[in-house]
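Here's the structure we're looking at; comments come further down.
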Amino acid sequence: MLALTACGADPAPGPVEQIIVREPGAAPAVAVAATEAPASTLIADGKAAFANCSACHSLEQGAANGVGPNLYGIVGKNAGGVAGFAYSDALEASGIVWTAAELDSFIADPAGKIPGTTMVAGAIADPSKRQAVIAYIESTTAN
Ligand code: HEC
């Protein structure tokens, strides 16, 4: 009876918890703010990096396919889904859904991810550049 009362009614843990949680929380919050570029910078970088892609791909809604398919709205689409583009059998059979993570590994090494793809150029080795390009592609679709 004594134990039950003490357990249910004791308000002491509150302030003690606050002191413990606040201190370690402060350092990571500062670190994240310092390393993460603002979204506008990322997208501007990605727009510049899309020069690696624009020889073959348009990002404009309704624009014609080029050497590669139009990439408007590609994030979330099934691979091989752009109308009127003659894909490789390898890409059509890949079963990929173009999430940001799938785009990232494809742009890093197209033929490594999809052996037999006809995308023979445009790979970006720098991970932060890939992240920027993907953010840019996503941003044009969201507009
Ligand atoms: C030399 C031309 C060329 C360049 C440069 C190029 N691509 Fe491609 N891309 C292609 C071709 C061709 C395909 C179709 C591949 C296939 O069918 O196997 C393709 C396919 C794709 C697909 C799959 C589309 C779908 O509908 O499934 C994505 C995504 C893509 N490219 C993104 C990019 C990005 C992002 C860049 C720049 C970083 C880029 N590509 C650079 C020619 C290119």
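The values are calculated or read from the model by the stated rules, or taken from the named source; none is laboratory data. No experiment lies behind these values; they were computed from the predicted model shown. Methodologically, a virtual Cβ is constructed for each residue, glycine included, from the backbone with ideal geometry; neighbour enumeration extends over all protein chains shown. These accessible areas exclude ligands, DNA and RNA; they are computed on the full protein's heavy atoms, side chains included. Shrake-Rupley method; radii C 1.70, N 1.55, O 1.52, S 1.80 Å.
Limited to region 56-77, what total is found for residues that are under 15 Å from residue 135 (Cα atoms) and in contact with a Pro (Cβ under 8 Å, 6 or more places away or on another chain)?
Initially, region 56-77 is screened for residues under 15 Å from residue 135 (Cα atoms), giving 59, 71-76.
Right, trim to in contact with a Pro (Cβ under 8 Å, 6 or more places away or on another chain) and you get none.
Residues meeting the conditions: 0.
Residues considered: 109, 104. Of these, the only one that is at pLDDT 95 or above, more than 9 Å from the ligand (Cβ to nearest atom) and under 23 Å from residue 43 (Cβ atoms) is 104.
When region 112-133 is filtered for residues that are under 24 Å from residue 43 (Cβ atoms) and open to solvent by less than 30 Å² (accessible area, probe 1.4 Å), the ones remaining, listed by number, are 122, 124, 130, 132, 133. In region 91-112, the residues that are over 12 Å from residue 79 (Cβ atoms) and part of a loop (DSSP other than H, G, I, E, B) form Cβ pairs under 9 Å with partners that are open to solvent by 50 Å² or more (accessible area, probe 1.4 Å) and near the ligand (Cβ under 10 Å from one of its atoms), at six or more places apart or across chains, as follows: 109/123.
Hey, does region 120-134 have a residue that's polar (S, T, N, Q), in the same structural domain as residue 55 (by TED's automatic domain parsing) and in a loop (DSSP other than H, G, I, E, B)?
Our first condition is that a residue be polar (S, T, N, Q); within region 120-134, this holds for 128, 131.
Filter once more, so that each one left must be in the same structural domain as residue 55 (by TED's automatic domain parsing): 128, 131.
Applying the additional criterion that residues be in a loop (DSSP other than H, G, I, E, B) yields none.
Checked region 120-134: no residue is polar (S, T, N, Q), in the same structural domain as residue 55 (by TED's automatic domain parsing) and in a loop (DSSP other than H, G, I, E, B).
Given the criteria closer than 22 Å to residue 41 by Cα, near the ligand (Cβ under 7 Å from one of its atoms) and modelled with pLDDT of 95 or more, does residue 71 qualify?
On the way: closer than 22 Å to residue 41 by Cα: yes; near the ligand (Cβ under 7 Å from one of its atoms): yes; modelled with pLDDT of 95 or more: yes.
Here the answer is yes, as residue 71 does meet what is asked.
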